[in-house]
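Below: the structure, in structure tokens.
Bear in mind these aren't lab numbers, they're just calculated from the coordinates by the rules spelled out. Note that the structure is a prediction, hence the values are computed from the model and not measured. All Cβ positions, even for glycine, are placed from backbone atoms using ideal geometry, and neighbour counts span all protein chains on display.
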Amino acid sequence: MGAINLTRPELVRRGRRLEYFTISYNSLEGLVSIVAGLIAGSVSLIGFGLDSAIEVASGTALLWRLHHDVDPSRRQQVERTTLRIVGWCFIALAAYITYESGSTLIRREGPERSIPGIIIAALSVVVMPLLARAKRRVAAGIRSGAMRADSRQADFCTYLSAILLCGLLLNATAGWWWADPVAGLLMVPIIAKEGIDGLRGEGCCDDCGCR
């Protein structure tokens, strides 16, 4: 309720702070995930790290959009361009995970256990839902389709974190080597859908309501 009572400039400033946090957190998340994934040979960890890089790019573009909030025409152009770029990134990520996960299953090559990967996935399961909720409040207050779409990306990251965590834990505790590539494949439909939505420009209109 607090966000609704704030003025638009105050909401925009809050949105900027959320995006700065998004960029910082996802940069750390991506670095840890990719390094841990390379060391352990984990496809899902590397894919999760690449997704973090995409979220950093998206957060940077949305931060630019918030800095130009007073110019509606430029704001909408930035939103549409950003959604399309991120959409293609998601499609490329889905293709990469499909190829690597499929190859791992065929070769029957299991990853090593990754404690850093488990920690970062567990942390993201907690952090991302809180971040998504905060972004939705700002989106509703300034009626921003781009901010609303960005909050969905945080929701999406929560789902990926939970899938990743389950795969890593099953591999570490039960020795199920196939859990990691299967977890990667489970990410693909979610990633692909987000990519298609981005290419279609869904959620980019500031005039639509944010529920």
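Centre-to-centre, using Cα atoms only, region 71-124 and region 5-25 are separated by 24 Å. Comparing GLY117, LEU62, ILE190 along the charge dipole axis of the chain, the residue lying farthest to the positive side is LEU62, per the Cβ-charge model. Rounded, prolate or oblate, given the Cα gyration tensor of the chain, with a/c below 1.5 counting as rounded? Verdict is prolate for the chain.
The long axis of helix 43-67 is offset from the longest Cα principal axis of the chain by roughly 10 degrees.
Axis of helix 179-200 versus longest Cα principal axis of the chain: the two differ by about 30°, to the nearest ten degrees. Tell me whether region 125-194 comes out rounded, prolate or oblate; compute the Cα gyration tensor, take square roots of the eigenvalues as a ≥ b ≥ c, and use a/c under 1.5 as the rounded threshold. In terms of gyration-tensor shape, oblate.
Basic side chains Lys and Arg get +1 at the Cβ, acidic Asp and Glu get -1 at the Cβ, and with that the dipole of the chain about its Cα centre reaches some 640 debye. Against the longest principal axis of the chain, how steep is helix 115-142, in degrees 0 to 90 to the nearest 10, with axes from Cα atoms? Result, in degrees: 20.
Computed 3J(HN,Hα) for region 148-165, one whole-Hz value per residue from the Karplus formula 6.51 cos²θ - 1.76 cosθ + 1.60 where θ = phi - 60°, is 5, 5, 5, 5, 5, 5, 5, 4, 4, 5, 4, 4, 4, 4, 5, 4, 4, 4, glycine and proline marked x.
Once C-alpha pairs closer than 8 Å and six or more residues apart are averaged by separation and normalised to the residue number of the chain, the relative contact order reads 29 percent.
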